[in-house]
Each structure stands twice: as structure tokens, then as C-alpha cells.
1. Applying the selection to region B:110-151, what residues are outside any helix (DSSP H, G or I) and either among the aliphatic types (A, V, I, L, M) or free of Cβ contacts under 8 Å to residues at least 12 places away in the same chain (or both)?
2. Of the residues that make up region A:276-283, is at least one closer than 23 Å to A:Gly107 by Cα, touching a Leu at 6+ places or on another chain (Cβ under 9 Å), assigned by TED's automatic domain parsing to the domain that holds A:Phe194 and touching a residue at least 24 places away in the same chain (Cβ under 8 Å)?
3. Checking B:Ser87 against (1) out of contact with any helix residue (DSSP H, G or I) (no Cβ under 7 Å at 6 or more places or on another chain); (2) within 12 Å of chain A (Cβ to nearest Cβ); (3) under 30 Å from A:Val36 (Cβ atoms), which test does it fail?
4. Given A:Trp132, A:Trp171, which one is under 20 Å from the mean Cα position of the chain (by Cα) and at negative phi?
5. Could you grab the pairs with beta carbons closer than 6 Å, sequence gap of 6+ or different chains, first residue in region A:256-270 and closer than 13 Å to A:Tyr177 by Cβ, second one aromatic (Phe, Trp, Tyr)?
6. Could you figure out which of (1) β-branched (Val, Ile, Thr); (2) assigned to a helix (DSSP H, G or I); (3) at the interface with chain A (Cβ under 10 Å from one of its Cβ atoms) isn't true of B:Val49?
7. Got a number for residues in region B:109-132 being at pLDDT below 90, more than 7 Å from chain A (Cβ to nearest Cβ) and under 16 Å from B:Ala145 (Cα atoms)?
8. With the condition being closer than 22 Å to B:Leu26 by Cβ and of a type in the set (Ser, Thr, Tyr), I'd like the helices (runs of 4 or more DSSP H) fully within region A:81-169 carrying at least 2 qualifying residues.
Amino acid sequence: MAVRADDIPVPRGRPRLAGRVREWLDQESILGPVFVTPALLLLVLLVAYPFLMALYFAMSNAFIGRPSEFIGIRNFVRLWDSDAFRQTFQNAFVFTGIAVAFKLVFGICLALLLNEQLWFKRFIRGAVLLPWVIPTALSTLGWWWMFNSLYSVVNWTGIAVGFMDPPGPNWLGQKYYAMTAVVTVNVWRGLPFFAITILAGLVAIPRELYEAAEADGAGPVARFWLITLPLLKPVLAIVVLFSTIFTFSDFNIVYVLTRGGPINSTHLFATLSRVVGIDTGRIGEGAAISLYLFPLLVFVVWAQLRFVRKQAY
Amino acid sequence: MAVAKRPRLRKLTMHLLLVPFLVFALFPFYHMALTSLKQDRELYDRHAVPLIIRQGPTLEHYGKLLWDTEFLTWTKNSLIVTVLATSVSVVIGTVAAYALARLRFFGVDTFGTGIFVTYLVPTSLLFLPLAQVVNWLGLGDSKWALVVTYPTFLVPFCTWLLMGYFRTVPKEVEECAMVDGATRIQALLRIVLPIAIPGLVCAALFAFTLSWSEFIYALTFTSSSDQITASVGVTSELIRGDIYFWGSLMAGAVLGSVPIVILYVFFLDYYVSGLTAGAIK
């Protein structure tokens, strides 16, 4: 078939426009904003705007399916009259404090062990990290079964070993045991993050420092306190800050394991806010409860920006 | 002899010390899988040893889960939501990360800080107002609500992770291409992205894992049996008044984790590197 003149593309109006767009997009001051726009739109519409809504809800008597009125900070103040809220406030600090402390201490131990010469290194790392990648809601179901009041395998083992008297504690039905259970699952799930991140920090410490210290007669304990710990500090700071905010705002574990019970003794802000905001429909009050997470978030962001990013660059 | 023996003894001690950690990490999974394979008769026998199967394994619970419940629908929903949310977020995150890592323009620093701040915002802070937004969009009780809202935490994560990767790609490589007449977009597509493939894989893996595991949004924004995801379906629909449901409940927890486990086995190293990169950079 012969090629007709019409088939040969001739640059006309449109290609010139395309060329101009191309040239335009090659400028950093234009390409930058273009590239950033989708993310920016998303964050403004679905993060910043809902946040403002949360502020408004929290200062209104919003109730599902009813027009709301502005009532100022009355929600925030009135919450303190509620036993459930005061208990939740206390729980949040107890839960976060204990869980983060355990994760930090065990995380350092585990990282030190993982940093040794090991057989099956890949397998061990894979096993250690597993609790962190499996969907929390599902793995917590496994724990729920392990803490079952009749068939608890924890109690069975405890009794078999002689740690517990039959029938053993009713883990999810008694106040302090329930908190212990919730903290245990949180530590179980969060430990891999600590261990693997701290391990990365350990690997980065120059070997020569240890060799020099050993030559000067420093034992393993001295080397840990004088070299390892000080040099790990930046990594530890990041991990603790990160974990604090995500432990404080935890929802999945408590929701699946105890639903906040018995008698609110394991409720956290997120779970109480769901009960009040969704189950009973008092959106205003629910939003006020979840906004109690905000001051801690501000602190963590401030600390990260102030100390951590400065070191990273 | 003594010198040669010592390191081996040390190695052995280290392995012994690791055992409690490994048991702690793995036992819940072992017990879950075991329960899902046990016959009811043995499962609810309080005199039986709960650590092993004595009376022979059964697939009865899995059968019940697959044929008598909507489990397959929930899994399909999870897959749709996860694949779509992940793809959208990786694309949006890639261009934003490139802009943050390489381009200088008005407001770039503010935007970078904004991304970092939203990266730290927990999902439990905003689920109430987001539920309203979802209703206004006409997506109440629909899995599409999840496709729309999951990028709010996936995009900051992907952007942050990829920004770190793009910074490790030497600027010169790209500049060479541009000197040879490539535009910035061509340089990005043909030079930078191929080099950053490990980073892209990592971002996609984490985004997939995060959205597959997401729970509070899925629980709040969807409720009908044909719209919920696997996590929500297993935790809410399988638990009925009847107490003899543990076998299929554990089967659901096992099967609901399978996609993540498969990815995990193949891409373990990416998980390890992504975990440290995400936190430190």
C-alpha cells in the first residue's frame, strides 16, 4: 500500500502546544507543585478537613441524625464527670507507660541477641518479625482464645508447670489481669518493631570502638553502658516516640480482646470514643474523647521535628 | 582448644537465650493453627492436652468457614480494597516523594513537614469525622469508602519511605540524562524509577500490608456482610451466641493472614529494610 501524504504526521498547532507543556513541566517551580498536588488534595480533603470537623464536633452536641448546636468546650469539661472517661484517661497512661517500657527493654535485649553470630539468621529474623506483619485484629483473636476463661492454654500451661493453682486467673474478666493481657498482646505485637529498628542502630556502630575499649580493658557490661547505649540514643528516641503515639492511640487489641471491659478497666481513648461516638451516637462527645489524643501527638511531632530530624540530615 | 571452644559456647548460649523470644513470638500462631485443625470433641475436652492434636486433625472448620459463611466475599473485598488503595497510594506517593527529594519550589519544606506530621496521625484520631465525610460522599457502608480513605495514611507513608530512596539515587545520573536532552519526567521514568525499584517494591509491600490489616476504618465505615473486609468479617460475623465457634474462628484468622504470610515469605528482606528505613529516615 502506498503511503499517502496525509498519513505523514506534520507538526501543527497541537504538537506545538504539547511542546510548550513539555517545556513548562521541565521547570522545577512548576513540576514540583504539579507532582505534589494529588497528595496535597488528599491530605487537605481527607485529613485536614476532617480534623477541623472533629474540632467542631467536639465543641457541639452533635448526635447522629440531628442538627447540632455549638456548646464551646463543655464536652471536654463534662467528660471529667464521667467515671468511664476518668478510668480511660488513667488506663491510657498505664497501658502506654508499661507497654513501651517493656518493649524498650526487651527490644534492646532481643536486638543484642540478633546482632550475634547466629545459625538460621534469616529464619530467626523472620520469626521475630512475624507478629508485626500479621493483621493485628486477627492475631489478637488467637490471644483471645488463649485467654479464654474455660480453655485458656496459658492457664493450662501455668498449672501444668506449677505456676498457678487451678483454675488459674480469669484473664479477661478481672480488672488487673485484663490490663496485663492487653499490655502483653501489645508488647508481643510491638516488640519486633523495636528489635529490628534497634538492630539497625547496633549494626551502624563502628566495630573499632569496641575493639579499642576492649584493648583498654573494658568488660562487656562497661562496653554496653559506655558505647552501645549512648550511640543508640538517637535510634531509641525515635522508636520510643513512634511507639508512644501508636500505643497511646491503640484500638485493635483492646477492641478485640476486652471491648474495654471489665467495667471500663481497659478502655483507651480510641475504644471509648468509638463506643460513645458510634454505638451510642453522641458524636460530639466521641470526637472530644479522641481529641484527647491530640496533645500527645503534638508533643511527639514537636520532639521528632526538633531532635530527630535534625540528626537525620 | 579452649580458645576454639569459647566462641561456640557463646553462640550456643545466645541461641538458648533467643528461645523464649521465639516461643513468645510464634506460639500464638502455632496455637491458632492447631485449634483450627482440631476436632470439636477434643477442642472442648477440658482434660485434653491443648498443645497437641491427639485425635487426628480435621478440615471441618475450614469447610464450615468457606461454605457456610461469607468468608470468600470478605476476602474478595479485602483484595479489591487493598490492591486499589495500594496502587493509587504508591503512584501519588512516588510523584510527591520525587518532588520533595529533588525539586525546589515554593512551599516544598512546608509540604515535607505536612507529610511527616500526617504520617504520625493515628487513624483512631479521625475516624468519627471521616465517617461523616464518607456518608456525604455517598459511600456509607461501601467498600469504596475504604479505597478512598486508606490513602490518607498510605500516601504519607509511601512518600516518606520513597523520599529516602530517591535521595540515595545520585543526582548526577539524572543530570547526565537531562544534559543529553531528556526532560525531567523522562529522566524520572527511565533513570530514577528503575534504580529505585527496591524502594517501590518496599513501599508497595508495606502499603499492601497496612491496608490489609487496617481495622478501625473498615469496622466503622462498612457493616453489611457483602461490603466488609476479612478482618472485620472474621472478628464480627463469626462470633455468634453459640460458644462452639472457636475452630472456624481460628480458621478464619489463619486464612485471613495467608496473603500477608505469602508476601512475607518471599519478601522478608524488604520488610526488614523498609521497617528500618521508615522509622529512621
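1. To start, the set of residues in region B:110-151 that are outside any helix (DSSP H, G or I) comprises B:121-122, B:137-142, B:150.
Passing the criteria: B:Val121, B:Pro122, B:Leu137, B:Gly138, B:Leu139.
2. Our first condition is that a residue be closer than 23 Å to A:Gly107 by Cα; within region A:276-283, this holds for none.
No, region A:276-283 contains no residue that is closer than 23 Å to A:Gly107 by Cα, touching a Leu at 6+ places or on another chain (Cβ under 9 Å), assigned by TED's automatic domain parsing to the domain that holds A:Phe194 and touching a residue at least 24 places away in the same chain (Cβ under 8 Å).
3. That leaves (2) as the condition not met.
4. Details: A:Trp171 fails: under 20 Å from the mean Cα position of the chain (by Cα).
Of the residues listed, the single one that is under 20 Å from the mean Cα position of the chain (by Cα) and at negative phi is A:Trp132.
5. Going by the 6 Å Cβ cut-off, the qualifying pairs are A:Leu257/A:Trp144.
6. That leaves (2) as the condition not met.
7. Matching residues across region B:109-132 total 1.
8. Working: elements: A:83-114, A:121-133, A:136-146, A:153-161.
Fully inside region A:81-169 and qualifying: A:136-146.
The values are calculated or read from the model by the stated rules, or taken from the named source; none is laboratory data. Quick caveat, the model's predicted, so the values are computed rather than measured. So basically every Cβ, Gly included, is an ideal-geometry build from the backbone, and we count neighbours across all protein chains shown.
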